1. Residue-wise, which Karplus ³J(HN,Hα) couplings in Hz belong to segment 267-281, taking 6.51 cos²θ - 1.76 cosθ + 1.60, θ = phi - 60°, and x for glycine or proline?
2. How long are the semi-axes of the equivalent ellipsoid of segment 332-441, defined as square roots of 5 times the Cα gyration tensor eigenvalues? Whole Å, largest first.
3. Enumerate the amide H contacts of TYR65 below 5 Å, restricted to partners 5 or more residues apart or on another chain; note that Pro and chain-start residues carry no placed amide H.
4. Quick check: the distance between the Cα centres of segment 112-173 and segment 336-411, to the nearest angstrom?
5. Can you give the helix-only mean residue ellipticity at 222 nm for the chain, where every DSSP H stretch with n ≥ 4 adds -39500 (n - 2.57) and the sum goes over all residues, rounded to the nearest 500 deg cm²/dmol?
6. With a 10 Å radius around each residue's Cβ, average the other Cβ atoms per peptide and rank 258-266, 58-66, 165-173, highest first.
7. Residues with amide H under 5 Å of VAL8's amide H, sequence separation 5 or more or different chain, H placed in the peptide plane at 1.01 Å from N; which?
8. Please give the per residue volume of the convex hull enclosing the alpha carbon atoms of segment 1-112, rounded to a whole number of Å³.
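We did not get these values from a lab; they are worked out from the coordinates using the rules stated. What you see is a predicted model; the values in this text were computed from it and never measured. Here the Cβ positions follow ideal geometry from the backbone for every residue, glycine too, while neighbour counts run over all protein chains shown.
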Amino acid sequence: MVTKMDFVGMQVHAHDLKDEGVEKVLGNMMEKGGVGAVVPTANYVEERQPLTPGQLPHNPKRSTYMTRGGLYFKPDPAFYSACKIKPLRTEEDVVADLDVVKTVVQSAKENEIKVYPWVQCFEDELIGKKHPQHLRVDVHGERDTTGLLCPNDSEVRKYVSALIKDLAASHDIDGIFLDRFRYTRLDERMVFSCFCTNCARMARENGYNMKLMKEAAVRIERLVRSLTAEQLRNWLSGQIGNFDLLKLFIRDSALLDWLRFRIDTITEFVAEVHRLLKEIDPRLEVGLDTQPPSYSWLLGQDYKELRNCCDWVKPITYPKLRGNMIVNILRKFESLDLSQVENKCLDLVYELLGITGPKSLNELRNGLPSEYTYFEISRARRELGTKVPVYAGIQLWNASTEEVRSQIEAAKRAGANGLIYYCYGWAPFENFEVAKEEVGQ
């Protein structure tokens with residue numbers, strides 16, 4: 001049975017719009033994908049397009065591309081007059097003369113397509129290089145070098161707010177799509193952050209003991225880095241159920257405080273953006289690009305908290321990508337001989353996530369089953385309640401047509417109100433067409 005969705009959107013990068021032309025890109029989205037909302041990059045990060053090892057399937061000018069960070073639209077300096085951090089245009093020559101937001105808005109409105117500029121909040125390599133004092137600091141006092149900005153830094157917050165206000169007040173858009181408003185992904189060193197002076201000040205002002213929280217984070221970090229196969233096997237043999245994990249947190253209240261502090265930080269930021277947009281125009285929507293609810297809270301994104309300060313949420317599921325990510329995380333345990341505990345490791349991961357999956361790392365490299373989308377969208381639906389729409393993130397690249405169908409079917413069963421496809425330039429057109437057929441747009 002074909003079910004129509006309330007919302008079907010697609011994310012797109014600046015170089016795609018430049019290489020194929022804005023009109024053609026939007027035309028392909030509508031005609032081939034049944035898309036009614038475009039989510040173009042207002043700014044972005046340093047990243048290979050597409051992720052290794054894929055290629056751009058329909059770009060007429062290049063098979064891969066490297067984004068470098070910075071803005072893809074022309075900022076109005078007036079909005080940043082009180083900011084120490086000033087907006088920096090991208091250094092990518094390919095899109096040097098393109099104002100993505102202005103151009104997309106003009107074409108989209110003519111075609112009655114909604115526009116949600118896609119904003120990277122706390123990650124920007126260009127700003128990080130120019131203003132390294134605003135980058136995050138890990139538990140050992142090491143400052144990040146990859147563009148991760150501290151969410152508690154008042155100048156960073158002031159700049160991001162100015163950027164969003166510039167986009168909302170200067171362009172005829174329907175809302176803002178917030179991305180990277182979190183602490184670091186689970187596969188990076190800076191997941192044990194941030195412990196800069198700004199975070200210490202905010203912790204103190206909000207009644208948290210930063211010294212104890214840092215000590216808790218150090219304990220976990222040391223455990224992660226020194227874990228051996230024998231230690232893991234012994235630990236696993238003593239873990240009977242999920243109450244054992246709960247006991248770990250109860251016994252270490254500083255660890256709970258650290259996680260709570262991160263959630264408070266991210267929720268406060270999103271609420272600030274929500275108030276800002278509604279003051280400009282109550283019709284403007286705040287959409288959130290969130291990590292899967294099974295572990296998003298570890299990175300500061302608590303769905304139950306965020307539901308009070310957003311208009312819709314896109315949980316990132318991407319089953320094929322997640323499987324590969326889990327393998328990469330496990331293989332970062334340098335002291336761990338996975339050949340001895342591979343099955344137990346995977347069983348533990350699946351138990352923590354509440355899913356089932358492949359029984360070997362080699363199989364998992366090919367991805368999790370599409371049912372993973374069902375589990376995560378169901379969680380999001382429960383935590384967000386009935387008032388906040390859930391627009392499931394659907395992986396259109398590096399996926400067969402049947403895998404695309406299966407993801408969408410799973411999202412519908414889980415109660416998704418809409419879909420957002422990732423992403424235009426990475427995905428073959430046959431996947432657009434299958435998705436359109438599946439949702440009946």
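1. Taking θ as phi minus 60°, the curve returns 5, 4, 4, 4, 4, 4, 5, 4, 4, 4, 5, 5, 5, 6, 6 Hz for segment 267-281.
2. The answer is 29, 19, 11 Å, longest axis first.
3. Answer set, sorted by chain and number: GLN49.
4. With segment 112-173 and segment 336-411 each reduced to a Cα centre, they are spaced 29 Å.
5. -14000 deg cm²/dmol
6. Order by mean packing, descending: 258-266, 165-173, 58-66.
7. Amide H neighbours of VAL8, under 5 Å, 5+ apart: GLY36, ALA37, LEU419.
8. It is 144 Å³ per residue.
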